[in-house]
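The values are calculated or read from the model by the stated rules, or taken from the named source; none is laboratory data. Since the structure is predicted, the reported quantities are computational estimates derived from the model, not experimental observations. Here the Cβ positions follow ideal geometry from the backbone for every residue, glycine too, while neighbour counts run over all protein chains shown.
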Amino acid sequence: MSEDESRCEAASHQKTVLLGVTGCIAAYKSCEIVRLLQKAGVRVKVVMTEHATEFVGPLTFRSLTHEPVGVGLFDNPSDPIHHISLAQEADLFLIAPCTANVIAKLANGLADDLLTTTALATTAPLVIAPAMNVNMYENGATRYNIGKLHIRGARIIETGDGYLACGDVGKGRLADVEDIVSAVLDELGLSRDLAGKRVMVTAGPTVEPIDPVRYISNHSSGKTGYAIARAAALRGADVTLVSGPVSIAPPEAVRTVRVRTALEMFEAAQEAFGAADIAVFAAAVADVRPKQAAPRKLKKGEADAALGAIELVENPDILATLASSKKRQVVVGFAAETDDVVANAEKKLSTKHADLVVANQVGEGKAFGTDDNQVWFVDDEGVEELPRMSKERLADAILDKALEFVR
Ligand code: PMT
């Protein structure tokens, strides 16, 4: 799969939030909402009212989201029914901050600009975070309009209490951005059970050079480790992905450390392991490396002789070494076996000091590079055979299981 194709595949798993920004002093806080949603692995597109552009320029949101920002109904000549395409693209429409005026329009089905037209056209869940002066907020008309939206199924995020930009004190302040984002993720069904946890994942193969053009490696595509890293980020974890060379795109909202050799992977994993709460070792690390890589390409005849006599040395066992000094870390190792899969995984559970070993059969086109896999969970309590499933679902199953060990 090419990098472009894999980016498309990653995007197809990603939720899209359409963020509506209306004309309010709190509009600057929408920039932080964009950042937090992106951190949770969500794609954000922004639509603004004309008044909102008086507070924050569309360029700011375009730069933050790397997506076009919609303002006028007819601004996009290539898409004459822009409100319909935006409405269809959204998994959720969040309007934050939402003024009393826009609340009134939404409550009454008025559609006189891109934002309100899109709101009327979408079937996606609507989340509204109001922000306004206390008297406007407490005005019967606003209360009535908010009530109408609530009855129609919109989720209203209560405003905060305190000093307002206008100098008044009371209700009307935009809710905390973290609460808004949390409500959105909740509405999207994105579980946040790893919030506050640090997760480290190793993924992909390592590449051990023989000379500048030849190397020892294996068929790992990185799909398994990348799926685990992406799932952990979506569930709220702070994720470090230590990746060998692969051709798939790195997940959003994940710190990716690119390495090539086992020694480089060891160094990067060691750095991340200390702070990790959960460490998942999905990489297929080359067990050996040529003692000395030739500085120049070996010529054909020369290569035959040199390759025959190549001196190999053992690479460090990254998992076993790091796990032997584990403290609070939950350690998840893998076992890739052609035969006696479970028995070999049981041995690795103790020799590698893992809390859980995910055992899978390899060879004959299995596991390496595939989109799905069938594994066994092996731990001190016993063995659990899982049905074949996509690597995305498997990632969540592994994280669910790892959470059982969190100390
Ligand atoms: O990347 P994909 O194409 O999605 O393929 C997924 C996979 C087959 C690579 C994955 O499911 C898998 O099995 N990963 C582990 C591969 C492996 O090297 O297994 P192993 O049985 O040789 O090693 C056991 C464990 O020790 C693994 O967690 C491995 O990461 C770790 N190890 C091994 C050697 C070494 N020097 N350092 C290590 O940390």
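Quick notes
- Residues satisfying the stated conditions in region 205-244, i.e. hydroxyl-bearing (S, T, Y), assigned to a loop (DSSP other than H, G, I, E, B) and more than 19 Å from the chain's Cα centre (by Cα): T206, S217, S220
- Residue that is farthest from K39 (Cα to Cα), among those in region 258-287 that are hydrophobic (A, V, I, L, M, F, W, C) and surrounded by fewer than 18 Cβ atoms within 10 Å (Cβ to Cβ): L263
- Flag if A282 is under 19 Å from the mean Cα position of the chain (by Cα) and within 8 Å of the ligand (Cβ to nearest atom): yes
- Of all residues in region 311-323 being surrounded by fewer than 17 Cβ atoms within 10 Å (Cβ to Cβ) and among the hydrophobic types (A, V, I, L, M, F, W, C), the one that is nearest to the ligand (Cβ to nearest atom): A320
- The combined condition, being over 23 Å from P125 (Cα atoms) and either out of contact with any His (no Cβ under 8 Å at 6 or more places or on another chain) or in contact (Cβ under 8 Å) with a residue 24 or more places away in the chain (or both), is fulfilled by A195.
- Restricting region 324-352 to residues that are part of a loop (DSSP other than H, G, I, E, B) and within 11 Å of the ligand (Cβ to nearest atom) leaves a set whose member that is farthest from L394 (Cα to Cα) is K352.
- Residue match in region 354-374 (condition: in a helix (DSSP H, G or I) and more than 9 Å from the ligand (Cβ to nearest atom)): no
- Of the set (1) assigned to a loop (DSSP other than H, G, I, E, B); (2) crowded, with 18+ Cβ neighbours inside 10 Å; (3) within 12 Å of the ligand (Cβ to nearest atom), all apply to S247 but (2).
- Selection from region 193-231 of residues that are crowded, with 20+ Cβ neighbours inside 10 Å and small (G, A, S): A203, G204, S220, S221, G222, G225, A227, A229, A231
- Subset tally (residues that are touching a Phe, Trp or Tyr at 6+ places or on another chain (Cβ under 9 Å), at pLDDT below 95 and over 22 Å from G153 (Cα atoms)) for region 68-94: 2
- Only one entry in L241, L234 is more than 15 Å from the ligand (Cβ to nearest atom), closer than 23 Å to R393 by Cβ, buried (at least 19 other Cβ atoms within 10 Å of the Cβ) and not aromatic (F, W, Y), namely L234.
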